[in-house]
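A.B. asks: Would you mind keeping the following structure in view while I ask a few things?
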Amino acid sequence: MMFADKVALVAGAGGGMGLNIANDLLGEGAHVCLADIKPRPADIRGGPGKSTYCQGDLSDGGFVRSTVEQTVADFGRLDYLVNTVGVLWFGRDLSLVEVDLETWDRVLDINLKAVVLTTRHAIPQMKAGGGGAIVHFSSTQALRGDVAAQDAYAASKGAILALSKSIAIQFAGDGIRSNAILPSATLSPMQERWQGKEAEIGASIPIGRVGTTQDQSNACLFLLSDKASFITGAELVVDGGATASV
Ligand SMILES: NC(=O)c1ccc[n+]([C@@H]2O[C@H](COP(=O)([O-])OP(=O)(O)OC[C@H]3O[C@@H](n4cnc5c(N)ncnc54)[C@H](O)[C@@H]3O)[C@@H](O)[C@H]2O)c1
């Protein structure tokens, strides 16, 4: 098992990619705290790693602090942090000239500040344990503009790339790596609107299909693992070739 007795916090693990990643880590022997604003999902894998579930708002500093503290109290250390937490609010997140600024602030709070909070509280624990690895989920949206502007989402995902590199440089000497994954079209609760349209969307992607949460989890576990021990501050596009063809 690749992660036997390691400890991970997956922020945004109530469904989608985060839940898939948490389940794969549990299967590889890691103990995992799954955190999300949603209630506990029924399909958390039973082991061999142990799991806990913390329900709350990851943009709330008090909740994040207590979640990290509880994880270390439960499992004794913290080795990995995965930030999949995020929202994409179709029809509400618009061009910067149209968007309601409360929506703007809330998207930035969830997509960016939550990442700052989880990382801020995780790093001292990783330092205490002699190192760690962090994977943040950005988006290929950070690499290009969008004719249907969702400016708060795009800005938050661009900021994650800069932040991940800064974390990588600041804490490399502590044995902590930080990398970003940039998914594009991936079937998950966030993209419910694509149900039944998978073939149509997949036809526009060079590999010929939409992504799955398993595709993203495979990339994430690689970046967390020691197989990626010389990779930090990097951006891994996981998009079936969509970006390469633009
Ligand atoms: N699915 C895609 O096509 C796609 C493409 C590019 C990037 N991404 C990014 O990948 C990441 C994972 O996306 P996903 O497709 O699994 O979506 P998802 O909606 O299934 O997962 C996001 C999770 O974040 C949680 N969350 C939202 N607000 C929260 C809050 N305030 N506090 C705690 N939890 C909160 C949600 O409840 C949800 O479980 C996201 O950051 C997303 O922006 C997704």
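A.B. asks: Kindly list, by first and then second residue, each pair from a residue in segment 74-90 that is without any contact (Cβ under 8 Å) to a residue 24 or more places away in the chain to a residue that is more than 6 Å from the ligand (Cβ to nearest atom) and among the aliphatic types (A, V, I, L, M), limited to pairs with Cβ atoms under 6 Å and residues at least 6 apart or on different chains.
C.D. replies: Correct list of pairs: empty, since none qualify.
A.B. asks: Could you pull out the residue among ALA199, ALA142, ALA154, ALA172 that is under 18 Å from LEU81 (Cα atoms) and not in a loop (DSSP other than H, G, I, E, B)?
C.D. replies: ALA172
A.B. asks: Starting from residues that are β-branched (Val, Ile, Thr) and within 15 Å of the ligand (Cβ to nearest atom), keep the ones in segment 136-165 and report whichever is nearest to the chain's Cα centre (by Cα).
C.D. replies: ILE160
A.B. asks: Also, quick follow-up: Given the conditions (1) within 13 Å of the ligand (Cβ to nearest atom); (2) surrounded by fewer than 16 Cβ atoms within 10 Å (Cβ to Cβ); (3) among the small types (Gly, Ala, Ser); (4) touching a residue at least 60 places away in the same chain (Cβ under 8 Å), which single one is not true for ALA114?
C.D. replies: With respect to (1) within 13 Å of the ligand (Cβ to nearest atom); (2) surrounded by fewer than 16 Cβ atoms within 10 Å (Cβ to Cβ); (3) among the small types (Gly, Ala, Ser); (4) touching a residue at least 60 places away in the same chain (Cβ under 8 Å), ALA114 is out only on (2).
A.B. asks: From the set of residues in segment 11-34 that are within 12 Å of LEU81 (Cα to Cα) and part of a helix (DSSP H, G or I), which is nearest to the ligand (Cβ to nearest atom)?
C.D. replies: Result: GLY18.
A.B. asks: Turning to a different aspect of this structure: Name the single residue that is farthest from the chain's Cα centre (by Cα) among those in segment 35-53 being within 15 Å of the ligand (Cβ to nearest atom) and assigned to a loop (DSSP other than H, G, I, E, B).
C.D. replies: Step by step, filter segment 35-53, then rank; the result is ALA42.
A.B. asks: Counting only residues that are under 17 Å from the mean Cα position of the chain (by Cα) and away from the ligand (no atom under 15 Å from the Cβ), which one in segment 54-106 is nearest to SER138 (Cα to Cα)?
C.D. replies: If we take residues in segment 54-106 being under 17 Å from the mean Cα position of the chain (by Cα) and away from the ligand (no atom under 15 Å from the Cβ), then TYR80 is nearest to SER138 (Cα to Cα).
A.B. asks: Right, here's the next one. Just one of (1) away from the ligand (no atom under 12 Å from the Cβ); (2) under 29 Å from GLU98 (Cβ atoms); (3) among the hydrophobic types (A, V, I, L, M, F, W, C); (4) not in a helix (DSSP H, G or I) trips up ALA133, so point out which.
C.D. replies: Condition not satisfied by ALA133: (2).
A.B. asks: I would also like to ask the following. When you look at ASP74, is it under 26 Å from PHE222 (Cα atoms) and surrounded by fewer than 16 Cβ atoms within 10 Å (Cβ to Cβ), yes or no?
C.D. replies: Yes: the conditions hold for ASP74.
A.B. asks: Which residue, of SER164, SER204, is in contact (Cβ under 8 Å) with a residue 24 or more places away in the chain, of a type in the set (S, T, N, Q) and crowded, with 18+ Cβ neighbours inside 10 Å?
C.D. replies: None of the other options fit; the residue is SER164.
Just so you know, all these numbers are worked out from the coordinates, no wet-lab data involved. Predicted, not measured: the structure shown is a model, and the values here were computed from it. When we count neighbours, we look across all protein chains shown, and the Cβ atoms used for this are built from the backbone with ideal geometry, even at glycine.
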